[in-house]
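Some notes on the structure that comes next.
The values are calculated or read from the model by the stated rules, or taken from the named source; none is laboratory data. Note that the coordinates shown come from a computational prediction; the quantities given were computed from them, not determined experimentally. Note that each Cβ is placed from the backbone with ideal geometry, even for glycine, and that neighbours are counted across all protein chains shown. SASA here: full protein model, heavy atoms, side chains in, ligands and nucleic acids out. Shrake-Rupley method; radii C 1.70, N 1.55, O 1.52, S 1.80 Å.
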Amino acid sequence: MKVVVGGGSVFVHGGLLTKHVDYGLENVNEEVRDWMWVRGRVSRDLVKGRNSIVWLRKFSNELAKDCDCSTLEHVLATIPGAKRMIMGHRIQESGINGVCYNQAIRIDVGMSKGCTNGLPEVLEIDRDKGLRILTSNLLYRDVEESCLDAKARDGLGLLLPELGPKQVEVKAQLDD
């Protein structure tokens, strides 16, 4: 549940609101760490309730039109160097995707048998190659490193215009 900022990306489980950033990301990480390791007290706003960093879904609704892009843009503007928020928590049945002009990247594909038993996908972030989605989804078997666009997969579009994300098939052996 730690918040990590690096390379223009903010990584968080559910999402961040301005109140979390105002509280201080270092404070958030310290308080959550203490809570996890020693079961100390932690602010309800951080780990409980639908607007906590754990359960927030304002930016991960399956339909792009239901995401709060205005709030996301404001939150990212309060974090120096942040261009996008990468989050899990809410399963994306369409696979890894982005909304809000690709400022929200949703990476939870529900791989667990306890969830939707989704196919493995990985968001690769490479300084030279840009962002790519590595997948074992057979739907993309015949697609040779094509750029995703909003029509193809609900909104990943071009995260880095000069490089564009690439869909790349990978072979994965799944053990029972």
Where a residue in region 44-64 is in contact (Cβ under 8 Å) with a residue 60 or more places away in the chain and its partner, wherever it lies, is assigned to a loop (DSSP other than H, G, I, E, B), with Cβ under 6 Å and at least six apart: A64/G155
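For region 83-122: of the residues being among the basic types (K, R) and part of a loop (DSSP other than H, G, I, E, B), which is nearest to S70 (Cα to Cα)?
K83
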Hey, G95 in contact with a Phe, Trp or Tyr (Cβ under 8 Å, 6 or more places away or on another chain) and crowded, with 21+ Cβ neighbours inside 10 Å or not: no
N51 vs. criteria open to solvent by less than 70 Å² (accessible area, probe 1.4 Å), at pLDDT 80 or above and not acidic (D, E): yes
Residues of region 62-117 that turn out to be of a type in the set (K, R) and closer than 24 Å to K19 by Cβ, as a count: 4
Scan of region 106-130 for residues that are touching a residue at least 24 places away in the same chain (Cβ under 8 Å) and more than 19 Å from V10 (Cβ to Cβ), ordered by number: C115, T116, G118, L119, P120, E121, K129
